[in-house]
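Q: Okay, handing you the structure first.
The values are calculated or read from the model by the stated rules, or taken from the named source; none is laboratory data. Remember, predicted model here, so these are calculated numbers, not experimental data. Virtual Cβ from ideal backbone geometry, glycine too; neighbours counted across all protein chains shown.
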Amino acid sequence: MTTLLRKYKLEVIGILIGAIAGYLYWKFVGCANGTCKITSKPLNSSLYGAIMGFFVLSIFKKEEQL
């Protein structure tokens, strides 16, 4: 388990930061009338943020040399 976390450390950090950012976006900005697909529910907003955080921080991962 620890080797898996060490291997994917940046991705896990990106998921956590993105999920928190998505929740905070829902909390403070959100959607006033509930018709927005992503920001109408905290779960949707957090999942979207987690996915975006994963993609953004996985860009910075160095490729292993063989």
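Q: So, in the stretch 45-62, how many residues would count as being over 9 Å from the mean Cα position of the chain (by Cα) and small (Gly, Ala, Ser)?
A: Within the stretch 45-62, residues that are over 9 Å from the mean Cα position of the chain (by Cα) and small (Gly, Ala, Ser) number 2.
Q: Determine the pairs where a residue that is touching a residue at least 12 places away in the same chain (Cβ under 8 Å), located within the stretch 45-66, has a partner that is surrounded by 13 or more Cβ atoms within 10 Å (Cβ to Cβ) and of a type in the set (Phe, Trp, Tyr) with Cβ atoms under 6 Å apart, the partner being 6 or more residues away or on another chain.
A: Ser45/Tyr25; Ser45/Trp26; Ser46/Tyr23
Q: Considering only residues of the stretch 1-51 that are within 30 Å of Glu64 (Cα to Cα), of a type in the set (Ser, Thr, Tyr) and outside any loop (DSSP other than H, G, I, E, B), which is modelled with the lowest pLDDT?
A: Here the answer is Thr2.
Q: Can I ask one more? Inside the stretch 26-46, can you point out the residues that are crowded, with 17+ Cβ neighbours inside 10 Å and either closer than 30 Å to Arg6 by Cβ or of a type in the set (S, T, N, Q) (or both)?
A: The answer is Thr39, Ser45, Ser46.
Q: Show the residue pairs meeting these rules: Cβ distance below 6 Å; 6+ apart or different chains; first residue within the stretch 13-26 and touching a residue at least 12 places away in the same chain (Cβ under 8 Å); second residue among the polar types (S, T, N, Q) and assigned to a helix (DSSP H, G or I).
A: Sorted first by the residue in the stretch 13-26, then by its partner, the pairs are Ala19/Ser46; Gly22/Ser45; Gly22/Ser46; Tyr23/Ser46; Tyr25/Ser45; Trp26/Ser45.
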